[in-house]
Amino acid sequence: MGAGLDGTGVVNTLYVLDVPENIAVPKVAAEDPAVTVGRLGPYFVISADQPIVIDRRAVGARHAVWYSCVAGVAPGSAITKHDKDALRVEPA
Amino acid sequence: MSELDHRVRGVDHVAFPTFDPAATVHFYRDVLGFPVVHSICAAGWGPEQHPDFIHFFFDIGNDDRIAFFYYFGTDPSVGGPRGAKGDVYGRFAADVPEYFVRSRHLAIHVDGEEDLLEYRRRLDASDWPVEMQIQHETIESIYTHDPNGYFFEITRALRPVTPQEDLDAGLTIDALLDVVSGPDPTFGKLLARKAELIVERAAGWAPASTGPAS
């Protein structure tokens, strides 16, 4: 993956395990029209060709769930923010 | 992915020293209601000038047991200088982070919220009230410190563990072992390696029985 610094033209992908606590994560992510949510086995695959930003309050997850909801981040992308406000994944 | 058959049957006992058997019995037997189920009264012997001791056991359910050693003629100094943090066994300086001090602990299982709250009531009526009640990822726990300073947890599952969590745990461990075998392991490297393993293995995964669909 050729990671452009501005994130354009690069597919960012993160994986979220399908368990009840995590259901709102892909739902909120999908509200951004640039984001696609697919499936790979029991994982949600959340992708976009721009930075993916998921708002914690919109997800409504308690802290323990919020800070453990990411199962994987595809090589080439990285989490650049994961705090009480938001999760942000963009080119590494 | 072990091929070995799994023959063990839970905790026989976990053992700790105590220098305050009266408070320990009061906490476990009288406050929590854990029956005393076994004890050994032993004269010290052997090359190390072992003190005479009492080894006593409380049932923690499921026939599992928590046990204590009381050594006659000793006090906490046998374990070294008093620590600013920790318990009568593990002593730590003031600057040791709390997450590390609390990392080693015993959590006892209950079946549901009603039972968790019953133990909360028993502790709150005692000299060792509940210090925290926390919903973690998939469990809810109450915490206190026992009379010996041991960090003590009672926990319930918020829901059954799903089959896909077993898959995910296996991928996590494989990714972790890969990452710690290389230089400078980080959480970011683990998530990247785990993503590769998800791509390799998740598509072919199927729950053994009827897993939750979505």
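The values are calculated or read from the model by the stated rules, or taken from the named source; none is laboratory data. Predicted, not measured: the structure shown is a model, and the values here were computed from it. A quick note on method: Cβ atoms are made from the backbone with ideal geometry, for glycine too, and the neighbour counts reach across all protein chains shown. Surface accessibility is based on the protein's heavy atoms, side chains included, excluding ligands, DNA and RNA. Shrake-Rupley method; radii C 1.70, N 1.55, O 1.52, S 1.80 Å.
Just one of the listed residues (B:Ala157, B:Ala192, B:Ala206) is among the hydrophobic types (A, V, I, L, M, F, W, C) and under 30 Å from B:Pro129 (Cβ atoms), namely B:Ala157. Selection of the range A:20-52 for residues being touching a residue at least 40 places away in the same chain (Cβ under 8 Å), closer than 17 Å to B:Thr172 by Cβ and either more than 9 Å from chain B (Cβ to nearest Cβ) or open to solvent by less than 40 Å² (accessible area, probe 1.4 Å) (or both) yields only A:Asn22. I'd like to know if the range A:53-69 contains one or more residues that are crowded, with 17+ Cβ neighbours inside 10 Å, facing another protein chain (nearest Cβ under 8 Å) and part of a strand (DSSP E or B). There is no residue in the range A:53-69 that is crowded, with 17+ Cβ neighbours inside 10 Å, facing another protein chain (nearest Cβ under 8 Å) and part of a strand (DSSP E or B).
Within the bounds of the range B:158-171, is there any residue that is of a type in the set (Ser, Thr, Tyr), open to solvent by less than 50 Å² (accessible area, probe 1.4 Å) and within 18 Å of the chain's Cα centre (by Cα)? No: zero hits.
Restricted to the range B:180-207, and to residues that are more than 8 Å from chain A (Cβ to nearest Cβ) and open to solvent by less than 50 Å² (accessible area, probe 1.4 Å), which residue is farthest from A:Tyr43 (Cα to Cα)? The qualifying residue farthest from A:Tyr43 (Cα to Cα) is B:Gly182.
Does B:Tyr143 count as away from chain A (no Cβ under 12 Å), open to solvent by 30 Å² or more (accessible area, probe 1.4 Å), among the hydroxyl-bearing types (Ser, Thr, Tyr) and within 30 Å of B:Tyr89 (Cα to Cα)? It is false that B:Tyr143 is away from chain A (no Cβ under 12 Å), open to solvent by 30 Å² or more (accessible area, probe 1.4 Å), among the hydroxyl-bearing types (Ser, Thr, Tyr) and within 30 Å of B:Tyr89 (Cα to Cα). It is to be established whether one or more residues within the range B:73-82 are without any contact (Cβ under 8 Å) to a residue 12 or more places away in the chain and either among the basic types (Lys, Arg) or farther than 20 Å from B:Pro21 by Cα (or both). Checked the range B:73-82: at least one residue is without any contact (Cβ under 8 Å) to a residue 12 or more places away in the chain and either among the basic types (Lys, Arg) or farther than 20 Å from B:Pro21 by Cα (or both).
Which of the strands (runs of 3 or more DSSP E) found entirely inside the range B:57-165 contain at least 1 residues meeting this: under 25 Å from B:Ala42 (Cβ atoms)?
B:65-71, B:106-109
When B:Gly33 is tested against the conditions (1) on the phi < 0 side of the Ramachandran plot; (2) in contact (Cβ under 8 Å) with a residue 24 or more places away in the chain, the lone failure is (1).
What are the residues in the range B:27-56 that are in a loop (DSSP other than H, G, I, E, B) and farther than 22 Å from B:Ala125 by Cα, if any? Matches in the range B:27-56: B:Ala43, B:Gly44, B:Trp45, B:Gly46, B:Pro47, B:Glu48, B:Gln49, B:His50, B:Pro51, B:Asp52. Just one of the numbered conditions (1) open to solvent by 50 Å² or more (accessible area, probe 1.4 Å); (2) within 24 Å of B:Trp128 (Cα to Cα) is not true of B:Leu106: (1). Here B:Thr24 clears all of (1) part of a loop (DSSP other than H, G, I, E, B); (2) of a type in the set (Ser, Thr, Tyr); (3) under 24 Å from the mean Cα position of the chain (by Cα) except the condition numbered (1).
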